[in-house]
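See structure below.
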Amino acid sequence: MASREIEDRAWRIGSGELHAGFQTLSVLDGQTDAYNQLGEHTALSVHTYAAPVNDSPVVPDHEHFTLHIENDEEIQKTWFVAYDGDGVDENMCALLAEERGDREFYGFWTYDPKTVEYLIGYLKGNYGDVGTTADLDADEDSHVV
């Protein structure tokens, strides 16, 4: 419910940045319609993060959002949704959880602007600015498609 509230807030405001981690490309594949719809807001920048789990992953259709394919254990173990509120403190919110067992998550959600800014800054600093095309066989661990 918390992740849907964050997505809904981004949809209603229609601008700013939304970042969401899906652990794997196969999980993201089930949410592409919703995220393409979110990304249709031209003033809302939507970023998704997911790891390939096999040598030939199916890359979901992502016409209206940026897909960050990450060969990274951190991405595989975490689920997150963070919205920057288009710079308005009262609109900022985030959810961050780590999978510690089979579909058992431990984490939190927050409306604290400093925590949301830190989380989005962390994502952008570690995964956000790596290029514009994907090559899953490249030596780099992170790709934007």
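The values are calculated or read from the model by the stated rules, or taken from the named source; none is laboratory data. Just so it is clear, the structure is predicted and the values come from calculations on it, not from any experiment. Heads up, the Cβs are rebuilt from the backbone with ideal geometry, glycines too, and the neighbour counts pull from every protein chain shown. For the accessible areas, the whole protein counts, side chains as well, though only heavy atoms, and no ligand, DNA or RNA atoms are used. Shrake-Rupley method; radii C 1.70, N 1.55, O 1.52, S 1.80 Å.
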Just a yes or no: is a residue in the stretch 78-85 over 15 Å from GLU17 (Cβ atoms) and open to solvent by less than 10 Å² (accessible area, probe 1.4 Å)? no
Filter the stretch 1-39 for residues that are among the aromatic types (Phe, Trp, Tyr) and under 15 Å from HIS64 (Cβ atoms); which is nearest to the chain's Cα centre (by Cα)? TYR35
Counting only residues in the stretch 57-89 that are assigned to a strand (DSSP E or B) and polar (S, T, N, Q), the one nearest to PHE105 (Cα to Cα) is identified as THR78
Identify all residues within the stretch 95-121 that are in contact with a helix residue (DSSP H, G or I) (Cβ under 7 Å, 6 or more places away or on another chain) and β-branched (Val, Ile, Thr); write none if there are none. THR110
Can you tell me which condition LEU67 does not meet? The list is (1) under 23 Å from TYR122 (Cα atoms); (2) in contact with an Asp or Glu (Cβ under 9 Å, 6 or more places away or on another chain), and all the others hold. (2)
Which residue, of HIS62, HIS47, HIS41, is modelled with pLDDT of 90 or more, in contact with a helix residue (DSSP H, G or I) (Cβ under 9 Å, 6 or more places away or on another chain), open to solvent by 20 Å² or more (accessible area, probe 1.4 Å) and not acidic (Asp, Glu)? HIS47
Mind counting the residues in the stretch 10-51 that are in a helix (DSSP H, G or I), touching a residue at least 60 places away in the same chain (Cβ under 8 Å) and more than 16 Å from ILE120 (Cα to Cα)? 1
Selected residue (criterion: surrounded by the most Cβ atoms within 10 Å (Cβ to Cβ)) from residues of the stretch 15-37 that are modelled with pLDDT under 95 and more than 15 Å from ALA50 (Cβ to Cβ): GLN37
Per the list (1) out of contact with any Leu (no Cβ under 6 Å at 6 or more places or on another chain); (2) at pLDDT below 95; (3) surrounded by fewer than 20 Cβ atoms within 10 Å (Cβ to Cβ), residue check on THR115 breaks on (2)
